[in-house]
1. Which angle from 0 to 90°, rounded to the nearest 10, does the C-alpha axis of helix A:71-88 make with the longest principal axis of chain A?
2. Which aspartates and glutamates, if any, have their Cα less than 16 Å from the Cα of B:Lys81, not counting same-chain residues under 8 positions apart?
3. So how much accessible area does A:Asp22 have, in Å² to the nearest 10, using a 1.4 Å probe?
4. Highest mean first, how do B:339-345, A:240-246, A:114-120, B:724-730 rank when packing is the count of other Cβ atoms within 10 Å averaged over residues?
5. Assuming R0 = 25 Å, what is the FRET efficiency of A:Val276 and A:Gln372, from their Cβ-Cβ distance, to the nearest 0.05?
6. For segment B:633-712, just the Cα set please: Rg and Dmax, both in angstrom.
7. To the nearest 0.05, how large is the calculated FRET efficiency for B:Leu765 and A:Thr251 if R₀ is 41 Å and r is the Cβ-Cβ distance?
8. If Lys and Arg each add +1 and Asp and Glu each add -1, what is the summed charge of the other residues whose beta carbon sits under 12 Å from the beta carbon of B:Lys318?
Amino acid sequence: MKVNPGGLLAPEDVVGRDPLIDRLWQGLESHGWNMTAERRMGKTSILRKMQAAPPDHMVVFCFNVEAIGSPQELVLKIFRELQQVLSLSTAWRQRLTRWTSNWGGGKMLGLELPKPEWSWKQNLEEMIRDFTAQLASVERLVLFLDELPIAIDNLRQKDPAVAMEVLNTLRSLRQECPQLRMIYTGSIGLHHVLRELQAVGYRNAPKNDLVNVEVEPFTEQDAVLLARNLLMGARVVTTDSLESIIQEIVTQVDRMPFYIHNVVAGLREMNRPILVRDVGNLIRTKTRATDAWEFKHYEERLKNYYGDRQPVALKALDNLMVEPLRVKELWQRILLEVSTVSEENIRDILRLLEQDHYIQMNEANQYEFRFQLIRQYWQSQRG
Amino acid sequence: MTLISAFTPSLMSAAELEQIFVQREPLAQQLLDDIITSVTTPAKHFNLLIGARGMGKTHLLALVYYRLLAAGADTEGLADKMAIAWLREEERGVADWLDLVFRILRSLGEAESTAQLAAQQLQQMPVPDARSRATAILLEVLQGRTLVLLVENLDKLFGGLKKTGQQVLRSFLQEQGCCTILATTPAIFPAVQERSAPFFGFFYPIHLLGLTVAEAVEMVQKIATLRGQEDLARFLLTEDGRSRVRAVHHLAGGNARIYMLFSQFITKVEMDELVQSFMKMLDDLMPYYQGLVDSLPSQQQKIIDFLVDYEGRPMMVKEIAQGCFLEAGTAGGQLRYLRESCYVQAVADGRESRYELREVLMRLCLQVKKERGRWVEIFVQFLRIWVPLADRPAWLQELLGKSKLLTDEYLKLALNSQEDPVFMSCQRDLMAALQAKNSQEIQEVLAELLANQQLATKEHSDLQKLLNAQEYSRLGQRMQEIFMGDSSDDQGQSSEQSEVAAKTLSFVIRGLSHLSKGKYEEVIADCDKALETNQNNDREWHERGFALSKLGRYEEAINSFDKALEINPRQDHIWHDRGFTLSNLGRYEEAITSCNKALKINPSRYITWHRKAMTQFVMGNYEIALESWREFFQVFQAQDNRPYDVVRIIQRFIDVLIPRFTIEPVPAMLDRLIALYREHHLLPELNAALTNTLGLLLPDTISDTTATAWLDLWHSRFSNEPELQIALQFMEVTVAYKKQPSRRHHLWLRLPQEQRPILDRILGLADF
């Protein structure tokens, strides 16, 4: 397998995600998903792999909507993609000839909506209704909306009401059309955007019909498999045993495929036989010396998104950096420095930190850093 | 006609680019492989080459481009699967996705009419329509092919696209999966590094390493060969040629462009002309750097100007703000921009950051422009003297200066012989490897040397085994037995040839013996063995005496010298060595008598005049010592070429001066002595010697007070001597470091960046 850090992977090279993909397909029979993950965890690769081989009864459309600046653009994007995919799929095109003829017969669109006399909302609703009406009850129209939180945030910054309306429309379409499924994905949590909207009066729960799913790091077995395949593909020669180097990589980067690709590429650049200690040195250089993976973002995100919670969130992480702690233990420690903080405040902040992938709860009900890489960075900067 | 462009390598032909390509072959292959994989499979690679201006980014990009074209022509079906668009450095004004698509189509249009028409079509549409249809039109032109996008200065392109344009590009790349990118940037920039940016982690950053000295030599050689300058290519194999490149390396780092420019000046002229050559190069670079500065907004120009004024010393934001009459916040903002665009770099000083110009040559050019070229000349002058000195280890100097077998004349004779080019080439490489104490290279050269000696299998195998085991001493012995055991074997060779061969091998063997542990003991054992068979060999007695003297066995050494002089009393260098050894024993009167004997035989032996002067100085006979120094300067001045060992001679004097400089009337005598240096144009050598001996101040045997007094002595008396400024600058930092070694990092920041590694090397410290 060829090392490709950050690039687009061929579907057959997306390893370690089949159980999740199976679960997503199964779920789509009955509900949509709100898929979250840290950046570079492999969401897009999963979507591309799913798009490449959907079940026969599902027609899948994948949109990266991060550049959307208006609802009209969203509708146009969806419309064009539907047209393009249908033009490529003979089977679905033949099934959906009525939709194609109703919606422009494959003509190239300009700036205007497919039915310019209607609003964007009406266009979207009618387009989807019309599409799903032509599907059998067991068939599914699946829309992957990649980076939706960014799109909604873009809209919110221009006009919060429009952002709310888009979320509401997507939600009501799912309710109205039983064959319609959506997967929202995004690296910035939709919860942050919703909190901003709630601050200006939004009261709906526009994703309460979607089941949350998080893209986790690889299992140990998959991470080892990926590291081995990449090392062999890159023809990396090792002085220490290959197994020991694989293990070091997998452990040091928390089994995350993006970092496994990066580390193997870095080892390849060394152009010499590799020792186990090279792995640690490489990662230290990337995290501490140059912060090539920009872990300082995790400090700065607290400033940007946590508002007045930031000081306590920092204290919580500073304590968890040393050892895993239960909520009460953590609260007691923070009380020594911030006497006004309540246990509920702490729980609220821990929930937020957990949603944002900083921390997780272990089997002993203690909170701990979710990723060793981030913990190491935290220790180097704030330890 | 051969075009070698230092600034626009994309104008060079594929063959020329290949011919002068060094260091990055594996990387070039990998990049090409990534592109071909992207063209032939659904995987898509995005590589970003990162390197400061002149590091060879465009050269590499252009080379990959031509190799891709060649692969397309050679591999069936490959060319039909790709469309190559190259957005060159000159592409400016890309402000959104539409602009980018248009530029891509225009670039594709250079090779295909459909793309050309599509670009025209876009231009003729109303802008909103063009914006809406750009993606579709591009996809139509591609017709299922993979777009290979080569982008120079991705940072600028992304700066123009802004976040919205970047988001559209990322959407396109992910949704369509039909594009691979190989891009360059002078530095990593926020749009690809920040987690909140659309392209975080998307590109794989490949930091281009600077050329090492060996790679720089290789490149300049290749350029010389391409230009048909074979004599220059050969010259670069010599010690002087390499030293010249090494001197430039201290200023240019690994910047490939500088070597391309310098290759025009590094002709086979004397090292003394390096300064003029270098100043000429700075003059040629001036419009380039001036243009870069002129393109900046005025506040940023002011900051650059301020940093140039401080001659390379990195400054803090508040100092810069004050010096430029800016608010601290404004200065910080402008510095951030200058940093992102690679004009300045930040160096940590405790918790603060200091800023300096990133490229040494840019600063030097701007300094010269601001009529501070004299300082630059002095620094290049310093490098001219210091680099060969640092390159040639003291043990080799001794070897060259002392061994009867290895005088410079012999070495030159051997080096200039054209009789056996392979042998001579190996020998040159061996000398370089010995100088560098690079045992792996020594191994390789010796292996090649042995392979060319037409030895019997048994002999070859013996030598190879010893070589593999790195048993240099035994290897030397065995070689001596094989090659020099019986001189009657040389019947087939002319006497001159056999002498050259003998001397060359002797050089090899001596070099090997010096590499081995306990080198002087081995020399003594060698001599003893030789003397067992022939007691009347003055050369062996002299070598033995010298080795004993080196081991501090002075009495025995004197006995050996006396034996040699009994056999041949007309050997001035033996009298000289005897004098040196006697003065080490404190027998100064006898030492002076020995020196006088040597000078009677050879009055032009300047080193003996210096030895005599030093002995008189140590005895406290300052006026007489000054007289001897006057003789030294006169004799030295009369030499045809300025001998390379003068700095070491001065260093020996500094060695004896340090414990005595506070004794009256030494300071006053020093004024008169320095006047002699000035009169005889030896201040640059004194500058280098003072610098090179700074390590003598560090041991605990020299108190902080003495070190400070040493600094005060030179500061108070010679701070107005421009040619001693480098030494004074280094001395100031060294004395401060002696007092507070934990503040090394902070103290080094008093020096410009090119001087910091030099001080490391002089003081024997790890890299800064």
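The values are calculated or read from the model by the stated rules, or taken from the named source; none is laboratory data. Please read these numbers as outputs of a predicted model, since none were measured by experiment. In this analysis, Cβ positions are derived from the backbone assuming ideal geometry, glycine residues included, and neighbour counts consider all displayed protein chains. Only protein heavy atoms, including side chains, enter the accessible area calculation; ligands, DNA and RNA are left aside. Shrake-Rupley method; radii C 1.70, N 1.55, O 1.52, S 1.80 Å.
1. 80
2. In chain and number order, the partners are B:Asp33, B:Asp34, B:Glu112, B:Glu140.
3. Estimated to the nearest 10 Å², A:Asp22 gives 90 Å².
4. The packing order, highest mean first, is B:724-730, B:339-345, A:240-246, A:114-120.
5. 0.90
6. Answer for segment B:633-712, Rg first and Dmax second: 13.6, 43 Å.
7. Taking R0 as 41 Å, the efficiency between B:Leu765 and A:Thr251 is 0.70.
8. Overall, the nearby charge balance is -2.
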